[in-house]
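A short worksheet on the structure shown next.
Nothing in this text is a laboratory measurement; each read-out follows from the coordinates by a stated rule. Only a predicted model underlies this, so the values are computations on that prediction, with no experimental measurement involved. Glycine also receives a Cβ, built like all others from the backbone with ideal geometry; neighbour counts cover every protein chain displayed.
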């Protein structure tokens, strides 16, 4: 049987029962489940605001739009980010009419504070920090740098559901954090996300923008007795980014298991580490000091990466790459060569199969075949 790199686990009967509640109540869009999940996420992560969205990609664009409109950013202003990420991190900058400027990464594969500082220019307005694989990297230093230089700080926490730094869940010291609950994330739905602003006014603005700029959503305009207030105001053009109750219902079920699931992922990472200790040419990507990672990914660096991937695939083991250096794509090729550490990592990275459907025997099979192909 083949082994996949990522695969969701759903508590199917519990999820179906939660979805049934939505169908029976007649609320499948914004509704009681979205409200309940937003509160549950705030309670779990210790964050002051949370707004449920259709995807984390929506959240990244919305974060930039809210900050841009409040702070008066102009078309062509710059946002510093990483080339070692899924392209949505950088596409969101373009969608907001801003220019992505790439800074290099450190050994954690997260943004290097010194590289950020070197890229700050007169039109720099923000930093988008990606917690790759659940890692926090040099987050504390990045926070201090952004505060000192007056830059907004956006945490792309798509991989970080459950990540803690110095005992606190990530996101509390960012201007805005965006989490993903896409199908293969640690808290999987079909697709959804959460945007968490530090400021209540930004959260309120995001809620309007995520529902076409309308000042009150349909659920908020429905009284407890079922009476519907149809009149609303539209002051600015918004988007159709809000989440729905079907996804929120699934998310509420999955949240109950997140801590246990993340602990199992850390155990699996430790098994890989033990079985692959001393393997020829293998380098680990380790969590930063003080980071209890969600362990969304277990990443290694190896020489002749493409040959190793092909050999594993021939064995029925489908590892992954997270991610290809974005400057390899035509859209971002104008910045090719600006981030040599990210470029070098991109050519060597492998994400080992890691999901809750794998048993210890599967991990042993992966490790044994990888050792064999490393020689």
Determine, for each peptide in 333-346, 1-14, the mean count of other beta carbons within 10 angstrom over its residues, then list the peptides with the highest first. 333-346, 1-14
Cα-based helix-to-principal-axis angle, 258-275 vs the chain, degrees rounded to 10: 10
Give me the distance between the Cα centres of the stretch 1-53 and the stretch 274-350, rounded to whole Å. 31
Largest fluctuation, 314, 50, 138 only, Gaussian network model of the chain with Cα springs under 10 angstrom, belongs to 314
Enter the angle in degrees (range 0 to 90, nearest 10) between the Cα long axis of helix 305-314 and the first principal axis of the Cα atoms of the chain, meaning the one along which they spread out most. 90
Shape of the stretch 122-259, Cα gyration tensor, a/c cut at 1.5: oblate
Return one number: the angle in degrees, 0 to 90 and rounded to the nearest 10, between the long axis of the Cα atoms of helix 200-209 and the longest principal axis of the Cα atoms of the chain. 80
Answer label for semi-axes √(5λ) of the Cα gyration tensor in Å (calculated), chosen among (1) 37, 20, 17; (2) 35, 27, 16; (3) 46, 25, 15: (2)
What number, rounded to the nearest 500 deg cm²/dmol, is the helix-based mean residue ellipticity at 222 nm of the chain, given -39500 (n - 2.57) per DSSP H run of at least four residues and division by all its residues? -11500 deg cm²/dmol
Please order 185, 33, 39, 68 by the number of other Cβ within 10 Å, starting at the fewest. 39, 68, 185, 33
Top of 208, 125, 256 by mean-square fluctuation, Gaussian network on the chain, Cα under 10 Å: 256
Among DSSP beta bridges whose residues both lie in the stretch 12-255, state the antiparallel percentage, nearest 5. 50
Pairs of Cα atoms under 8 Å, at least six residues apart: use those to get the relative contact order of the chain, whole percent. 24
Can you sort 88, 245 from fewest to most other Cβ atoms within 10 Å of each residue's own Cβ? 88, 245
If we sort 323-329, 70-76, 164-170, 303-309 on the protection proxy, mean other Cβ atoms within 10 Å, highest first, what's the order? 323-329, 164-170, 303-309, 70-76
Per the Kirkwood treatment, what hydrodynamic radius in Å, one decimal, follows for the stretch 258-374 from the mean inverse distance over all distinct Cα pairs? 15.3
Once residue 149 and residue 23 are pulled to full extension, the length gained, defined as 0.36 nm per residue separation minus their Cα-Cα distance, is 40.4 nm
Exposure-ranked with fewest Cβ neighbours within 10 Å first, 203, 361 stand as 361, 203
Find the eigenvalues of the gyration tensor of the Cα atoms of the stretch 16-91, then list the square roots of 5 times those eigenvalues as equivalent ellipsoid semi-axes, largest first, in whole angstrom. 32, 14, 13
Taking alpha-carbon centroids only, the stretch 59-98 lies from the stretch 171-191 a number of Å equal to 17
Listed residues 82, 57, 28; largest mean-square fluctuation, Gaussian network over the chain with Cα springs below 10 Å, found at 28
Gain in span if fully extended, residue 344 to residue 277, counting 0.36 nm per residue against the direct Cα distance: 21.9 nm
